[in-house]
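Have a look at the structure below, then the notes.
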Amino acid sequence: MALLALLFVPFSQHALGVEYDYTLQTVALGGVLLGILSGVVGCFAVLRQQSLIGDALSHAALPGVGVAFLLAGRDAGALLIGAGVAAWLGVAFINALTATTRIKSDSAMGIVLAAWFGAGIALLTFIQSSPDASQAGLSRFIFGQAAAIVRADVVLIAQVGAVVLGVIALFWKEFKLIAFDAPFADALGLRANLVGALLATITVVTVVLGLQLAGVVLMVGLLVAPGIAARQWTHKLNQMVILAAVFGAFGGGVGAVLSAVQANLPTGPMIIVVLSLLVFISMSLAPGRGLIWAYLRRRRDHQRFAYMREHDIDVRP
């Protein structure tokens, strides 16, 4: 907590002209914790080339939020359970489509994304048009709203996040194997489908935890952007996970604070803006893979070949 104070007090008080208070502290900590969790989990989605899965799951959770509100009101636990159940139904439907039809996984994810999100928007519109619509407050699940985060939410993110990270540590070898070569995992006797289902479960949990902060529309960015940025800097999974956690913490914390100090700024877009800058910087400056390095390498090769032609140097074997 002291570290967060050192990071955010000068920024909030002097650059933004606001007092460092309980709300800002809560929002910053929630954004940092969610960024760490999303960055770590998202690495496996990036490596498996399933970045769309986060988008599909976050959108699929929306109708569950609406149904839970109709059944249990604004109880936070009920809303999270409803979102998780709806997202899991989305996962089951995606798996059923890919297993029983010729539809590929990305197309199945797109179908679930559109169908579940359409149902969720229709349901939320119905709820907002009801007599007690002013008390619903469900619109924050679309784009996220940091001001709605309380200390209990941060504690929940920390506790559930610790469990998720513990599962990843326990099944590290299995997750690593299916991330790089699922057919080889099957050949070794590892049931890749079961491991994939476990990985999908922790992805669902991560998405549900981030809905209130980042929203269903942009939760996918918080899930995959840190992994994409980290991938530019390293080829090793353990280093990639650490970098993704750092990038996610920075983007989640800074984006959440910016939205908290300015009431008109939704949290999800601000987090994605910060993470997008990190991705752009990584893709431009990362040694070996960055765009600037690639340009310098091509320029050096061009100059070398031009020199050899000018001096009639034959490099053929």
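Dipole of the chain computed with +1 at Lys/Arg Cβ and -1 at Asp/Glu Cβ about the Cα centre; of L79, L97, G161, farthest Cα towards the positive end is L97.
Among 54-67, 108-121, sorting by the average number of other beta carbon atoms lying within 10 angstrom of each residue, highest first, gives 54-67, 108-121. Listing I228, I292, I81, I53 from fewest to most neighbouring C-beta atoms within 10 Å gives I292, I81, I228, I53.
Per-residue Cβ neighbour counts within 10 Å put D301, D153 in the sequence D301, D153, beginning with the fewest. Mind giving me the FRET efficiency for R304 and S284? R0 is 22 Å, r the Cβ-Cβ distance, nearest 0.05 is fine. Efficiency, from the Cβ-Cβ distance: 0.40. Can you check what the net charge comes to around A244, using other residues whose Cβ is under 13 Å from the Cβ of A244 (Lys, Arg +1; Asp, Glu -1)? Around A244, the surrounding residues sum to +2. K236: which lysines have alpha carbons under 19 Å from its alpha carbon, excluding same-chain residues fewer than 8 sequence positions away? Within the straight-line cut-off, K236 pairs with K173, K176. For the pair A152 and Q49, what calculated FRET efficiency results from E = 1/(1 + (r/R0)^6), where r is the Cβ-Cβ distance and R0 = 35 Å, to the nearest 0.05? With a Förster radius of 35 Å, E is 0.45. Per-residue Cβ neighbour counts within 10 Å put V150, V205, V27 in the sequence V150, V205, V27, beginning with the fewest. Taking every alpha-carbon pair under 8 Å whose residues sit at least 6 apart, segment 148-306 reaches a relative contact order of 17 percent. Applying 1/(1 + (r/R0)^6) with r as the Cβ-Cβ distance of L190 and A96 and R0 = 22 angstrom yields a FRET efficiency of 0.45. Counting charges near I94 (Lys, Arg +1; Asp, Glu -1) among other residues having Cβ under 15 Å from its Cβ returns a value of +1. Rounded if a/c is under 1.5, else prolate if a/b beats b/c, else oblate: with a ≥ b ≥ c from the C-alpha gyration tensor eigenvalues square-rooted, which is segment 224-296? Taking the square roots of the gyration eigenvalues as a ≥ b ≥ c, segment 224-296 is oblate. For segment 290-305, putting each phi into the Karplus relation 6.51 cos²θ - 1.76 cosθ + 1.60 with θ = phi - 60° gives couplings of x, 4, 5, 5, 5, 5, 5, 5, 5, 5, 5, 5, 4, 5, 5, 5 Hz, in residue order, rounded to whole numbers and with x for Gly and Pro. Relative contact order of the chain, taken over Cα pairs closer than 8 Å and 6 or more residues apart, is 28 percent.
Rounded, prolate or oblate: which fits the chain when a ≥ b ≥ c are the square roots of the eigenvalues of the alpha-carbon gyration tensor, with rounded for a/c under 1.5 and prolate only if a/b beats b/c? The shape class here is oblate. Ignoring the sites themselves, the chain has its longest run without trypsin sites (Lys or Arg not before Pro) in a DSSP loop having at most 14 other Cβ atoms within 10 Å at 105-190.
Every number here is computed from the coordinates shown, using simple stated rules; none is lab data. Keep in mind the model is a prediction, meaning the values are calculated, not measured. Cβ coordinates were reconstructed from backbone atoms using ideal geometry, including for glycine residues, and neighbour counts include every protein chain displayed.
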